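The values are calculated or read from the model by the stated rules, or taken from the named source; none is laboratory data. These numbers come from a predicted model, not from an experiment. Using ideal geometry, Cβ is built from the backbone for each residue, glycine included, and neighbour counts are taken over all protein chains shown.
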Amino acid sequence: MNVLGVGVDPLTAEELEAEVRRLARGAERAVILNVNAHCLNLAYRDPALRDYLDRADVVFCDGFGVRLAARLLGRRIPDRITYADWMWRLAALAAREHFSLYFLGAPPGVARRAADRLGARYPGLTVSGTHHGYFDHRAGSPENEAVIEEINAAVPDILIVGFGMPLQERWLMENRRRLNAKVALTGGAVFDYVAGELRRGPRLLTDNGFEWLARLLIEPRRLWRRYLIGNPLFLTRVLRQRFSKRHARP
């Protein structure tokens, strides 16, 4: 379904895992992206980002705002799939199917600690490498070239890039064709959550559409603009899309 010009796949967590399995065993390189209200606000103003999202092999919902948008537009998205929970399921899938992972992102040491925690729960898991996200991301820079070489030497089945939006999407836009990984996914702060560096709010909030409020309470200085301004703006844009569709000529 289309939300603010971006196609979002109405997947359950089980269906997403089936797509990861299919693409990781396929012959072509694939990209799986996730969207929330913040991401769709960014894409609304950035045609290149919107086009990249719309051309991804899979785009899944990682936010209650996107589920609400679907309802307002007369459609249904069955699940909100957030990496803080889903990463553990992805690791279980990788261990079971013998897919190797590579973690790219977060401050130094965090991705490694995330890999260790996942490996402790799933002893058969192979994490072929990790690298922090604090390097020069510019195309052609020596640091960027070294990271690409390191990933390609590891030859992972699944690469997870956690730089935050929109840096992670732009980095993949620039470098995906050079990366020797079957499937590339964007994961935001996934490594921080799995490593225990970031905490989530109480389940009463996170399970009932108010994770944004929990995150705002935890990091108000960094996130106030995203939620207090971005959320109403997103809702306004979705309502405008609904109104324009209702009154469009056949």
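Structural remarks
- Condition met for residue 139 (modelled with pLDDT under 95 and either assigned by TED's automatic domain parsing to the domain that holds residue 37 or of a type outside the set (D, E, K, R) (or both)): yes
- Within the set 181, 214, the sole residue that is aliphatic (A, V, I, L, M) and either buried (at least 18 other Cβ atoms within 10 Å of the Cβ) or closer than 30 Å to residue 146 by Cβ (or both) turns out to be 181.
A quick yes/no check of all residues on (1) modelled with pLDDT of 85 or more; (2) outside any loop (DSSP other than H, G, I, E, B):
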| residue | (1), (2) |
| --- | --- |
| 192 | yes, yes |
| 208 | no, no |
| 212 | no, yes |
| 216 | no, yes |
| 221 | yes, yes |
| 224 | yes, yes |
| 240 | yes, yes |
| 249 | no, no |
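- Filter result for residue 241 (surrounded by fewer than 18 Cβ atoms within 10 Å (Cβ to Cβ), in contact with a strand residue (DSSP E or B) (Cβ under 8 Å, 6 or more places away or on another chain) and either at negative phi or acidic (Asp, Glu) (or both)): yes
- Every pair of residues 6+ apart whose Cβ atoms lie under 9 Å, when the first sits in segment 40-64 and is free of Cβ contacts under 8 Å to residues at least 60 places away in the same chain and within 21 Å of residue 83 (Cα to Cα) while the second is β-branched (Val, Ile, Thr) and in a helix (DSSP H, G or I): 58/20
- Residue count, segment 103-129 (criterion: more than 13 Å from residue 190 (Cα to Cα) and at pLDDT 95 or above): 12
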